[in-house]
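Read the structure below first, then the notes.
Each value in this text was obtained by applying a stated rule to the coordinates, not by laboratory testing. None of the values given here were measured: they were computed from a predicted structure. Here the Cβ positions follow ideal geometry from the backbone for every residue, glycine too, while neighbour counts run over all protein chains shown.
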Amino acid sequence: MLFYHPADILWMVLAAIIVDWVIGDPPWPKHPVILIGQLIRWLEARLHPSGAELPQARSPRRERFRGILLTVAAVVLSSGLLYALIAVLYMIHPWVGRAANIWFISTTIAFKGLKDAAMQVYRPLAEGNLAEARRWVGYIVGRDTAELDEPEITRAAVETVAENTVDAAVSPLFFALLGGAPLALAYRAANTLDSMVGYRNDRYRDFGWASARLDDLLNLLPARITALLLALAAGLTPGLSGKRALRSVRSFAALHPSPNSGYPESAVAGALGVQLGGRNVYGGVISQRAVMGWPLQPLERSHIRLAVRLLYITGYFIAGGVLCAIAVQAGWN
């Protein structure tokens, strides 16, 4: 970054983690990821409009080219505009720029938001209210939830926490440590692109190709780091097994259709001693996913809380590592 010494990134990332743990996503101003989503929809409407087109206009090559333009424009505009904003704020005063970095980094992570979403599913399950649990889990997964029983609701919530330990925690912090808030927001833009256009259906198979591949590439290393951190977290949690988490990663991670999602999901499945994956239904269409882990015990609502605990211990590891790096930096100076 041009606006502060690289060592500043360490304590700003640590402060951002604490802000997220304490405050989470404030209701105002509008969340940057929502703004990115609106930007993506605006760009998509111009590069990939709905409705009839000449056949040659929908050729795979043309669609991929348009998708590349969308991906580059969304990522560059999101991170570039933030970079410019922070530059202006640093000109006003360096501490104003640093405060902006801390806040924007905190908006790219979601420890508290993910915990709150998972507990919104857990609480009605604990009260025996399956209808309410189905309603809340429907907000965090794309699968059909109307017919899910308690084990399947639990599986959906646990899988969401596991996968988003990468997307909403480790990956954005990884990029924040490399380049502050602008690089963290660039990652979130890529991740949002994948969630909006990275589908393998008729509309997005070619147009969303670049977005999906970029998200896969950016998560490649963080997903594997996350699996190791989750295994370490399991080793420190009574009743869970870090060794079994690592064995599960070796046995099942590569079976997932995503090159990255299998790592956190298999790690959590092994740690908890449950089986994740299997049969999902999307819009009435059955999708059979590879299973992760071994069914040593049935899925029950307590596993949601354990998955959240693993998420937070992973965050403690990252915060502790950053704090150690700050101490080392201070010792050198």
Simple spin-label estimate for Arg135/Val285, 7 Å along Cα→Cβ, in nm, reads 2.9
For segment 234-306, what is the relative contact order in percent, using Cα pairs closer than 8 Å and at least 6 residues apart in sequence? 27
Quick one: if you stick a label point 7 Å off each Cα along the C-beta vector at Ile34 and Arg64, how many nm between them? 3.7
Dipole moment magnitude, nearest 20 debye, the chain about Cα centre, only Lys, Arg, Asp, Glu C-beta charged: 480
Just need the relative contact order of segment 6-332 here, percent rounded to a whole number, with Cα pairs under 8 Å and 6+ apart. 21
Ranking request for peptides 153-159, 23-29: highest mean number of other beta-carbon atoms within 10 Å first, then the rest in descending order. 153-159, 23-29
Magnitude of the Cβ-charge dipole of segment 47-125, K/R +1 and D/E -1, about the Cα centre, nearest 20 debye? 180
Pull up the cross-link candidates among the lysines for Lys30, meaning alpha carbon to alpha carbon under 19 Å and not fewer than 8 places away within one chain. Lys112
I need Asp8, Asp202 ordered by Cβ neighbour count within 10 Å, fewest first. Asp202, Asp8
To make sure I understand, if each residue's beta carbon is the centre and we count other beta carbons within 10 Å, what order do His5, His31, His303, His48 fall in, fewest to most? His5, His31, His48, His303
Leu255 to Trp332: FRET efficiency via 1/(1 + (r/R0)^6), r the Cβ-Cβ distance, R0 35 Å, to the nearest 0.05? 0.20
Fewest-first ranking of Tyr263, Tyr282, using other Cβ atoms within 10 Å as the exposure measure: Tyr282, Tyr263
What's the ranking of 110-120, 269-279, 9-19, 140-150 by average number of surrounding C-beta atoms within 10 Å, highest first? 269-279, 9-19, 110-120, 140-150
